[in-house]
1. Can you tell me which residue among Ala254, Ala226 is touching a helix residue (DSSP H, G or I) at 6+ places or on another chain (Cβ under 8 Å), closer than 23 Å to Met438 by Cβ and surrounded by 11 or more Cβ atoms within 10 Å (Cβ to Cβ)?
2. Can you say whether Leu359 is under 15 Å from Val381 (Cβ atoms), open to solvent by 20 Å² or more (accessible area, probe 1.4 Å) and in contact (Cβ under 8 Å) with a residue 60 or more places away in the chain, as far as the supplied structure shows?
3. Hey, among the residues in the stretch 194-214 that are of a type outside the set (Val, Ile, Thr) and either in a helix (DSSP H, G or I) or without any contact (Cβ under 8 Å) to a residue 24 or more places away in the chain (or both), which one's surrounded by the fewest Cβ atoms within 10 Å (Cβ to Cβ)?
4. Looking at the stretch 248-267, I want the residues that are over 22 Å from Phe341 (Cα atoms) and have a partner that is loosely packed, with under 14 Cβ neighbours inside 10 Å and β-branched (Val, Ile, Thr) with Cβ atoms under 8 Å, at least 6 apart or on another chain. Which pairs are those?
5. Kindly check whether there is at least one residue in the stretch 45-59 that is part of a helix (DSSP H, G or I), under 30 Å from Leu114 (Cβ atoms) and open to solvent by 60 Å² or more (accessible area, probe 1.4 Å).
6. What is the residue count in the stretch 229-243 for residues that are in contact with a Leu (Cβ under 9 Å, 6 or more places away or on another chain), open to solvent by 30 Å² or more (accessible area, probe 1.4 Å) and of a type in the set (A, V, I, L, M)?
7. Being over 26 Å from the mean Cα position of the chain (by Cα) and open to solvent by 10 Å² or more (accessible area, probe 1.4 Å) is the filter here; which residues of the stretch 337-356 pass it?
8. Find all pairs meeting these conditions: Cβ atoms under 7 angstrom apart; at least six residues apart or on different chains; first residue within the stretch 268-286 and in a helix (DSSP H, G or I); second residue of a type in the set (S, T, N, Q) and open to solvent by less than 10 Å² (accessible area, probe 1.4 Å).
Amino acid sequence: MEAKLDVGRRVKLQRKLRSLVLKMLLASSTLQATRWWFEVRRKFAGRRHTVSVFLQLDDPYSYVLSCYLPEFAEHYDIQLNVYLSEAKAGAFQPSSEMLAEYAVTDGRRLAQELGIPFLDKGKFPPSDLRKPLLEAIARSAQTDSYLDEVLAALAAYWRGDSAAAQRMCSSPDGSDGASEFIALSLQKLDKLGHYNSAMLHYAGEWYWGVDRLHYLMQRLDEVGAAREIPRSARLTSIRQAMHVTLPVKPPTSARDLPAVELFYSPRSPYSYLLLARLYAIVDAFGLDLQLRPVLPMVMRGMQVPRQKLLYIARDAMREARRMNIPFGDLADPVGIGVERFLAVFDYANSERRGRDFLLNGGVATWAEAIDMATDKGMRKVTGRTGLFWPEAKAAMQNDDWREAADTNRAAMMEAGCWGVPTVRMGDYVAWGQDRDWMLVRHIEELCDAGEGILV
């Protein structure tokens, strides 16, 4: 018994120390000090502002990002290093086949909203020409046309332009240089500290795809790297396209729309960041919201590498600051904390307070370091939610939530997604907290036959 208590205390201490370290890493003062140090070193060495971008030929997010690189490089006085790369596999990409299929769907939607041509010359990418295209890019690596070759190859591939792809591959020399070229890029990616493609790196920080490009532009503006020329319409349009205005009152045409389902994990910071915004969306349109919690990946036998965890934490902090959502002082609920959370959620949902419990639990976990594994922590959350503590305690002795969590996970996987937050509305499925604006666009189309105008 004493040995078990010692193990429990040690685990609790490790979790607390991990939370304290993350809190320090995510603090605004740490961020500002790190940025100041990078800029001092750059000036002292007399180096230009250097942005590294890692693009993958068969990644639609890399293609969408690549469409902005010419204007980006023109507007900022930077050295742009472009690497032909790949995303790391294994634990970095659970359900990689499902991810690849979803990425095409999501990439198509993203491109349409941003006005970028996508599979407009063919229904599918010329995947049979993937390797020859990679070889063509690798052959141009040391030439002045390298960037143009990369952009042309991505465009040919993701516009389904087999003829253009074939022309790029018309003079093969039998070499196999692409594998080595990509391997060198992966070494650079690993050295700088990341695992994914469609990534931009600048002075110690990472930015994913066009979704995070605005953060990088803001940072370059702050350090005075912008040239004295007007920002291009394409660069300006990114944030404009992602901005939505919700209706003041639910439109009549939304009455018969299907419910919105949210697949949620109490250990996912992105799930927490989506909650308040999703509540606002469904309320604005008068839609029913079905909350469907699932177990975190690590409690389903999947491992999340440290490199990925650190990026997610930093990116979530950045998103939280932008949206003015409290975040950064956290208590990891993995294990017993999650189990108690899901058990009490079932009780809260039966009392019509599931929404409040999720949000209060999220604030407690991600902004106040309240430990849901303890009665003291759980009692704070249930008290804020207006739940009866004896009933909450009784709920934590019940395992009925496990079947519901398994059912929710199976439904999420059947919908074509493997992780949270996932939102489903009829046959529309979107993964990630930064797709809320696309959900609004979809609802507008259902309400107004694609006009997107609500009165």
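1. Ala254
2. So Leu359 passes the test.
3. His214
4. Taking only residues 6 or more apart or on different chains, the pairs are Pro251/Val455.
5. Within the stretch 45-59 (the criterion being part of a helix (DSSP H, G or I), under 30 Å from Leu114 (Cβ atoms) and open to solvent by 60 Å² or more (accessible area, probe 1.4 Å)), the answer is no, since none of the residues qualifies.
6. Counting residues in the stretch 229-243 that are in contact with a Leu (Cβ under 9 Å, 6 or more places away or on another chain), open to solvent by 30 Å² or more (accessible area, probe 1.4 Å) and of a type in the set (A, V, I, L, M) gives 0.
7. Arg340, Asp346, Tyr347, Asn349, Ser350, Glu351, Arg352, Arg353, listed by residue number.
8. What qualifies is Tyr270/Gln433; Ser271/Ser265; Leu273/Gln433; Leu274/Gln433.
The values are calculated or read from the model by the stated rules, or taken from the named source; none is laboratory data. Because the structure is predicted, anything quoted here is derived from the model rather than measured. Note: ideal-geometry Cβ built from the backbone for every residue, glycine included; neighbour counts use all protein chains shown. For accessibility, only protein heavy atoms count, side chains too; no ligands or nucleic acids. Shrake-Rupley method; radii C 1.70, N 1.55, O 1.52, S 1.80 Å.
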